[in-house]
Amino acid sequence: MIDGRTKIVHPSEQTKAEHTLESLAIAGASAIQRLISERDDLRVRVNTQEGDLAHLTAANIELRRCIISIRQHYIELATKVLAQLEQLDDSTRDMIQERQGRSFDGRNEDANLVSLAHRLKPAGARQTSLSNFDD
């Protein structure tokens, strides 16, 4: 006998399959939309970060320029101070040599200074004499 069976799809099963297929398509479309949205958000973040990087790079360059300028001013200042210290050293050395080279005839000037120092010193200070100031 010939089996006359054919696959008969019930209307409820067909709508169920269509519904499943439709919900899969909607879920896929929704996933694609989320991916597109995330991609767009990432592009915005990348653009923002590139802008921030450009600003930070410019600030870094400006700070380096300032540091180089400060370093240059420091070197100039140190050079000037060194020159002044050398002048002071030369002047002190010349004065010491001049003082050692001349005879000490200026005892009156020193006596006057010692007298003035005695008059101006605070009460109870240690007594000094002209002999304490000899070279």
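We did not get these values from a lab; they are worked out from the coordinates using the rules stated. Every value quoted in this text rests on a predicted model; they were computed, and no experiment measured them. Neighbour counts run over all protein chains shown; Cβ positions are idealised from the backbone, glycine included.
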Karplus-derived 3J(HN,Hα), 6.51/-1.76/1.60, for each residue of segment 111-120, Hz, glycine and proline x: 4, 5, 5, 5, 4, 5, 5, 5, 5, 9
For segment 56-73, take each phi angle, set θ = phi - 60°, evaluate the Karplus expression 6.51 cos²θ - 1.76 cosθ + 1.60, and give the result in whole Hz per residue in order, putting x for glycine and proline. 5, 5, 5, 5, 4, 5, 5, 5, 4, 5, 5, 5, 5, 5, 4, 4, 5, 5
Is segment 16-55 best put as rounded, prolate or oblate by its Cα gyration tensor, with a ≥ b ≥ c the root eigenvalues, rounded for a/c under 1.5, and otherwise prolate when a/b is larger than b/c, oblate when not? prolate
Using the Karplus curve 6.51 cos²θ - 1.76 cosθ + 1.60 with θ = phi - 60°, what ³J(HN,Hα) values do you get for each residue of segment 37-52, in whole Hz, with x for Gly and Pro? 5, 4, 4, 5, 4, 5, 5, 5, 4, 4, 4, 5, 5, 5, x, 4
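Please give the FRET efficiency for Leu85 paired with Asp52, using the beta carbon to beta carbon distance and R0 = 41 Å, rounded to the nearest 0.05.
E between Leu85 and Asp52, to the nearest 0.05, is 0.30.
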If you take the beta carbon distance between Leu77 and Gln100 as r and set R0 to 25 Å, what does 1/(1 + (r/R0)^6) give as a FRET efficiency, to the nearest 0.05? 0.15
